[in-house]
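Note sheet for the following structure.
Values quoted throughout were computed directly from the atomic coordinates according to the rules given, and no laboratory measurement underlies them. Everything numeric here is computed off the predicted structure, so don't read it as measured data. Note that each Cβ is placed from the backbone with ideal geometry, even for glycine, and that neighbours are counted across all protein chains shown.
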Amino acid sequence: MMAEVIYRGFCIIIDTIAKLMDKIRPGWSDRNSSRISEWKLMAYAYSRSAIGIVGGVLVSIFVIIGIIGPYIAFERYNEFPASVNPDLYFLRPCIPPWCDPWSENLPLLGTDNWGRDILSLVLHGARISLVISLIVVALGVPLGIILGLLAGYFGGAVDEVMMRITDVFIAFPALILAIAFATVLPSRFREVLYTNVFTREFFLSLFALSKEEIPQLASLLAVIFALVLVWWPGYARIIRGSVLSVKEQAFVEAARSLGLSTWRVLFRHILPNVLSPVIVMVTFDLGTATLLAAALSFLGIGPQDPVPELGFLVSKGREYFPDKWWIVMFPGIALFIIALGWNLLGDSLRDVLDPKTRRSLEFKVKGKKQRKFKSVKRK
Amino acid sequence: MGLGRFLARRIATFIPTIIGVIFLTYLIAYAIPANPVRAWVGGEKMVDPKLIERIRHEYKFDAPWYEQFTFLFTQLISGQLRDPVRGKLVIVSLGERFPITVELALFGMMFLLIISIPLGIAAALKKDTPIDFAVRFLALFGSSMPSFVLYYLLILAFFTVLGITYLAGIPEPSRPCRLFVSNLPNVVPVVGYLGSYIGKIPMFGAMMCGEWSVVHETFKRMWLPGLALGLLSGGFVARILRNSLLDALGSEYVLFARARGLSKFRVWKHALKNAMIPVVTVLGLQFGGFLAGAIIAETVFGIPGMGRYVYDAISRLNFPAIIGGTFLFAIVYVTVNLIVDILYAVIDPRVRY
């Protein structure tokens, strides 16, 4: 039932896209009918995988909270209620089945050493984690893809030099290299942030931080760029490997002999054919980047007080652990759920995007009842 | 390509990698910080200008970049980098702590094997049963759980609530016990520290001295960190073993063995031997990962190893120690990967590239 609704929803979206493309380029959906039916088959395969739906739900909740979280949090992270009312130190969490937060007037997830509400901090922390993971992947992956494409396509000296550079980056354990970069980068970023008003305002609003946090913002950016520098080599290696096998195929030869420019061959003919494993990897990596950024903050390299980065909240809570366990546990559980969502989604996307499992599913479905994954007929 | 040529090529790429590692370390130490001298003397704190002057001269900040690079190169290779907080050579401090990190990684490895091998085999033989799903769940759990949160959960469960474990510190044997006392560390620092330290790993040292109470103490303290490390990557390794065993069971030589009427266990044994090849690689890489990941485990469990040293260096902004630690971690990691690659080529005759 649920699966059917999701499948229908995807179908509507796909049909709308097809109609829009038809408006822009008449005859598009007729020429691409096989592609549209393939998309529908993917939507069907996704809607039948339970873990995919759970992952999708978790990820959507996380993204929504990441967008609106700082605005629905009922306390700002830089207000310290305990300085006004000392009773608010370390209030216990009050979770509904055992305790009624409304009648007892207690915070849902407890408060920290400054009386800040943990739930508000976690809501804001989700925004920070979301932005970090998105920027890391949005910068690191294209960088890796482009370098991998160039190395694989041109071969020879270009390839050798690039792969040796990649080897050097891979030689460091990711966490250690990120630590090293993140300790030295903040000084550079602070210069930029103090001089460049536009950059400062842009990133402050991106993380929903207030103006006093510029040094912390510099550390946050340092964490992000340290992770970008750690992230690209893996992609460069994988893309290079796939390019090596794709570039020998006849269609590349044909494109080249038609006199297409190198860039066109690279980006229009080779890139689409090496991209599908990357989509799955990106999904997993959004989770991994969140965890690695949190690990850096946990070690005290990222932003400091009062920025509510989830890893940093955990590391602050450990002074009071295990008496005040909630300061460690709730941000930790939030991190777990975020990473779990991305991993579940990636797990199902791996099956959905794999043509082999998709085909077998198609045969299975066709055997049961006559379902056709066809595009809308338009006359 | 023969095995000899493969080894030669693999080792030939090892050397430029090390030079590249040093160059990257140089960039981190000298080129990237906006004010490197400030970073080296301890960050933004107010510092004596005389000290800044001294550091500027001592670490060649007034020299051109190639002199700085050769300076750092010789310092790192000969292990002369000095930690200004403790006044000790960085490599000596790290060398003292390295065996403890190895001990932690060995405990992690032990639990990893205990968890992953039986689960992987069971999941392959009972495909699509609850065991298979449990393995899948464990793999997901391990890759989604922030390691430090899992460590705190385990501490909460086993230390606070159940009270059946001890935390912090490493029991050491009362006197130094080594199998072979050698001067190797002074001749070839890195290789020496890696090679002749078996007796310095506290538990092995205690075993060699016959101090079994120390061994017992070690187990009482280290089983929880080991279990934590094993849990985090156990599911992942089990999944790989499952997939590779399923591939092996579907292959033609297994069909042939069955057709010859071999018993079930004999057939599984044949398949398992081949299925273990990729798993050995993954296990080796995991061992390298444990050494590197020790920085978080050691911080949480209070184990005075190499990672803890780097953590302390970070919190005190002890820059030479961070640089030396980064470099040494990279060397260890690269060496472990090299050994894994060679092992892989040796045990699997099909791999020669």
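List the Cys residues of chain A that have no partner Cys with a C-beta closer than 4.7 Å.
A:CYS11
Name the long-range amide H neighbours of B:ASP83: under 5 Å, sequence gap of 5 or more, or other chain; modelled H, no Pro or chain starts.
When sequence neighbours closer than 5 places are left aside, the close amide H contacts are B:LYS88, B:LEU89, B:VAL90.
For the protein assembly as shown, what log10 I(q)/I(0) values come out of the Debye formula at q = 0.08, 0.10 1/Å, with one point per alpha carbon and no solvent?
-0.75, -1.19
What order do you get for B:LYS264, B:LYS127 when you list them from fewest to most C-beta neighbours inside 10 Å? Working shown, then result.
Details: B:LYS264 9, B:LYS127 12.
In order of increasing Cβ crowding within 10 Å: B:LYS264, B:LYS127.
Let me know the mean shielding of B:17-29 by other chains, meaning the per-residue number of their Cβ atoms within 10 Å of its Cβ.
Neighbouring Cβ atoms belonging to other protein chains average 4 per residue here.
Give the order of B:TRP212, A:TRP326 when sorted by the count of other beta carbons within 10 angstrom, beginning with the fewest.
Least to most surrounded, the residues fall as B:TRP212, A:TRP326.
Report the calculated FRET efficiency for A:ARG92 and A:ILE214 (r = Cβ-Cβ distance, R0 = 22 Å), to the nearest 0.05.
0.05
Taking chain A as a Gaussian network, where each spring joins two C-alpha atoms under 10 Å apart, which residue of A:SER47, A:SER257, A:SER205 fluctuates the most?
A:SER257
I'd like to know how chain A sits against the 2.2 N^0.38 Å rule of thumb: what's its Cα Rg over that expected value?
For chain A, the normalised Cα radius of gyration comes out at 1.17.
Can you tell me how the range B:262-350 classifies by the Cα gyration tensor, rounded, prolate or oblate, using a/c under 1.5 as the rounded cut?
Because a/c hits 1.5 or more and a/b fails to exceed b/c, the range B:262-350 counts as oblate.
Assuming R0 = 45 Å, what is the FRET efficiency of A:MET2 and B:LYS50, from their Cβ-Cβ distance, to the nearest 0.05?
Plugging the Cβ-Cβ distance into 1/(1 + (r/R0)^6) gives 0.05.
For A:SER33 and A:GLN304 in one chain, what is 0.36 nm times their gap in residues minus the Cα-Cα distance, to one decimal in nm?
Extending this stretch completely gives an extra 92.2 nm.
Which ordering of A:TRP232, A:TRP114 is given by a fewest-first count of other beta-carbon atoms within 10 Å?
Result, fewest neighbours first: A:TRP114, A:TRP232.
Counting only other chains, what is the mean number of Cβ atoms within 10 angstrom of the Cβ of each residue in peptide B:136-147? Working shown, then result.
Details: counts 2, 1, 0, 2, 8, 3, 1, 10, 14, 7, 17, 5.
What the average comes to for B:136-147 is 6.
Once you've got the Cα coordinates, tell me which of B:LYS126/B:LYS264; A:LYS40/B:LYS126; A:LYS211/A:LYS324 are over 22 Å apart.
Among B:LYS126/B:LYS264; A:LYS40/B:LYS126; A:LYS211/A:LYS324, the Cα-Cα distance tops 22 Å for A:LYS40/B:LYS126; A:LYS211/A:LYS324.
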